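One structure is given below, encoded as C-alpha cells.
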Amino acid sequence: VIDSSGQMGLGTISPASLLHIESDAADPTLRITNKTAAAINTGPDIEFWNNPFTGSTTNAYESGAIRVRKNNSSDKNHDHYMTFEFRINSPEGINEVMRLKHGGQVGIGTSTNVGNLSVNSGISSSSLSNVITIHQATNGNDKPAVGFGVAIGNGGESTNAGDLIISTASGGSLGER
C-alpha cells in the first residue's frame, strides 16, 4: 500500500512512517542479499544520509552505515564481519568506529581486534583520560560511576609504557584512585 502522503506499507494498510513493514510472523525478517562473486571486503550495506542544508536535495551526504563484509575471497568460506561507521565532522567520508567479527570479537576504535573486546581510545601523549567509563543513571541524571584508563608516560607512545588508572565517582565526577 502506498497512501496519499507517499508512505508505503508492506503487510499493513495503514503505514505510520515512510516505510512501514508489519508481519504476523514470530521472526519477521528484512533481507538484503549481495549476489556478487565471493570477494574480500564486499557485502550488503545499510546507509544513512542527511542533508545539512534546508531545502537542498543536492547536498545530502552519507552520515553513517552498517556494513557486512566478507573476511576473505575464498568460495564457500562464510566468515564475515560487521562494521558500524559514522561521519565525524569530515567532508571526506565516514569512518569505522566499531567492528564485530564472526567469532564474536568486538573492536571499538580498532579494526584489528586482538581479544574478545579491544578498545582503542585514541589517547596519546600523557593523557589521563579514561578508556572505558561506566555511567549510572540516578533519578534520570547520567553520572560517571567508574573509569579505567592508561596514562602513557616515560617518553610517550614509543615506549609502550603506561600506568593503569582506576577512577571512581565522588561528588558527580571521576577521580583517580
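A cut-off of 5 Å between modelled amide H atoms, ignoring neighbours fewer than 5 places along the same chain, links G64 with F48, R87. Residues with amide H under 5 Å of N72's amide H, sequence separation 5 or more or different chain, H placed in the peptide plane at 1.01 Å from N; which? Those lying under 5 Å, H to H, from N72 are N41. Atom-type composition of the exposed protein surface of the stretch 1-69 places 56 percent of the accessible area on carbon and sulfur (1.4 angstrom probe). Just the protein heavy atoms count here, and of the accessible area of the stretch 70-113 at 1.4 Å, carbon and sulfur take up 50 percent. Using the Karplus relation 6.51 cos²θ - 1.76 cosθ + 1.60 with θ = phi - 60°, the per-residue 3J(HN,Hα) values for the stretch 42-50 come to 10, x, x, 10, 10, 10, 10, 10, 10 Hz, with x marking Gly and Pro.
For the stretch 29-43, the residues whose amide N sits under 15 Å from a probe point set 7 Å from the Cα of D75 along the beta carbon direction are 36-40.
The calculated FRET efficiency for the pair F148 and M82, based on their C-beta separation and a Förster distance of 30 Å, comes to about 0.70.
Sites listed here are chymotrypsin sites (Phe, Trp or Tyr not before Pro) in the stretch 1-72 whose DSSP assignment is loop and whose Cβ has at most 16 other Cβ atoms within 10 Å: F53. Simple spin-label estimate for N95 and I40 gives 2.4 nm between the two label positions (7 Å along the Cα-to-Cβ direction from each Cα).
Put simply, the amide H of A145, placed in the peptide plane, has neighbours under 5 Å in I134, H135, Q136, leaving out anything fewer than 5 places away on its chain.
With θ taken as phi - 60° and the Karplus curve 6.51 cos²θ - 1.76 cosθ + 1.60 applied, the whole-hertz 3J(HN,Hα) list for the stretch 11-18 is x, 9, 9, 10, x, 9, 8, 3 Hz, x standing for glycine and proline.
The values are calculated or read from the model by the stated rules, or taken from the named source; none is laboratory data. This structure is a prediction, so every number in the text was calculated from the model and none was measured. Please note: Cβ atoms are built from the backbone with ideal geometry, for glycine as well, and neighbour counts cover all protein chains shown. Heavy atoms of the whole protein, side chains included, go into the accessibility calculation; ligands, DNA and RNA do not. Shrake-Rupley method; radii C 1.70, N 1.55, O 1.52, S 1.80 Å.
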